[in-house]
Amino acid sequence: MQIKGNVYLVTGGGSGLGQATARRLAAHGARLVIADTDAPAARTLAEELGEHGRCAVADVTQAESMQQAIATAMSAFGALHGLINCAGVVVGRKVVDREGEPHPLDLFARAVEVNLIGTFNAIRLAARVMAQGPPNADGERGVIVNSASVAAYDGQIGQAAYAASKAGVVGMTLPIARELAAYGIRVVTIAPGVFATPMMAGLPEKVRAVLGQQTPFPSRLGRPSEFAALAQHIIENAMLNGETIRLDGALRMPAK
């Protein structure tokens with residue numbers, strides 16, 4: 001699918017991986033709706049993109065909220081050709097902590113609600129609109145790019161909630177791709193390793209350096225621009241479908 005002139009909705013687009021992806025797509029002529037719970041961040045990026053950007057204050061866990069974000073795309077640009085799911089939260093807590101207290105159930109539920117259910121919510125609502133659009137010359141109507149994590153495969157101690165939520169995203173990628181193939185809509189998931197995002201920025205510099213050094217090559221934190229580059233390639237390469245691609249520099253996370 002071409003990028004220039006097409007319309008893409010980016011959840012979590014106000015910062016990190018979503019922001020980098022939105023900027024890259026905009027640089028190639030896309031029209032973007034930046035959906036985020038952080039209204040100032042979403043608004044700032046949309047204004048930066050000028051006439052090709054729109055802001056939607058949206059929570060991926062809320063059906064009405066996401067419907068309004070999609071409605072923004074339709075009212076502003078008249079179509080929706082792609083969804084980039086980058087909204088997510090990180091939850092770190094042991095099943096039983098040092099004081100013998102169990103993992104708070106609400107924290108586990110929150111990780112699943114945002115990372116998994118929120119991703120599915122955005123997919124189901126965007127797919128409905130894309131399925132009704134006209135196909136391009138290759139019969140393609142849309143493309144969906146999800147964000148998972150290498151934690152889906154080798155989650156560390158304390159990552160039960162996060163790993164489970166991201167493993168769910170990986171697990172639903174193929175069945176959704178198979179279903180939406182009938183409409184000419186592709187679904188691909190990216191599983192990043194350790195990336196330099198706002199979440200990572202909250203850690204001490206020494207900790208970030210150690211995490212980067214665990215990556216075989218290149219031995220550093222991933223750059224949001226590298227995630228964005230892969231998202232662009234997925235959009236443009238019609239044979240990429242139903243797959244989860246690890247973007248991790250050969251990193252395999254240790255137990256802790």
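Worth a mention:
- Highest-fluctuation residue, M239, M172, M200 considered, GNM on the chain with Cα pairs under 10 Å: M239
- At full extension, F120 and E64 could sit 18.8 nm farther apart than now, given 0.36 nm per residue minus the alpha carbon distance.
- Placing pseudo-labels 7 Å out from each Cα toward the beta carbon at A209 and E47 gives an inter-label distance of 3.8 nm.
- Residues in the range 174-182 carry Karplus couplings, in order, of 5, x, 5, 4, 5, 5, 6, 4, 5 Hz; the curve used is 6.51 cos²θ - 1.76 cosθ + 1.60 with θ = phi - 60°, and Gly or Pro positions show x.
- Each of Q213, V89, T173 was placed along the dipole of the range 7-247 (beta-carbon charges, centred on the mean Cα), and the one lying farthest toward the positive end is Q213.
- In a simple Cβ point-charge model (Lys, Arg +1; Asp, Glu -1; nothing else charged), the chain has a dipole of about 400 debye relative to its Cα centre.
- Residues E101, E51, sorted so that the one with the fewest Cβ neighbours within 10 Å comes first: E51, E101
- GNM top mover of N115, N136, N241 - the chain, alpha-carbon springs below 10 Å: N136
- Radius 14 Å from Cβ of G14, net charge of other residues (Lys, Arg +1; Asp, Glu -1): -2
- Residue order for C86, C55, fewest other beta carbons within 10 angstrom first, comes to C55, C86.
- Modelled this way, with points 7 Å down the Cα-to-C-beta line, the labels at M199 and A131 are 3.0 nm from one another.
- Were the residues from S219 through Q156 laid out at 0.36 nm apart, the gain over their Cα-Cα distance would be 20.8 nm.
- GNM on the chain, alpha-carbon springs under 10 angstrom: the most fluctuating residue among A27, A228, A46 is A27.
- A simple spin-label model places pseudo-atoms 7 Å from Cα toward Cβ; at D106 and A182 they are separated by 4.1 nm.
- Ranking of Y8, Y153, Y162 by count of other Cβ atoms within 10 Å, fewest first: Y153, Y162, Y8
- Using alpha-carbon coordinates, inclination of helix 118-131 to the longest axis of the chain, degrees: 20
No value in this document is a laboratory result; all are computed from the given coordinates. Predicted model, so just to flag it, every value in this text is computed and none were measured. Counting neighbours? That spans all protein chains shown, and the Cβs are built from the backbone with ideal geometry, glycine included.
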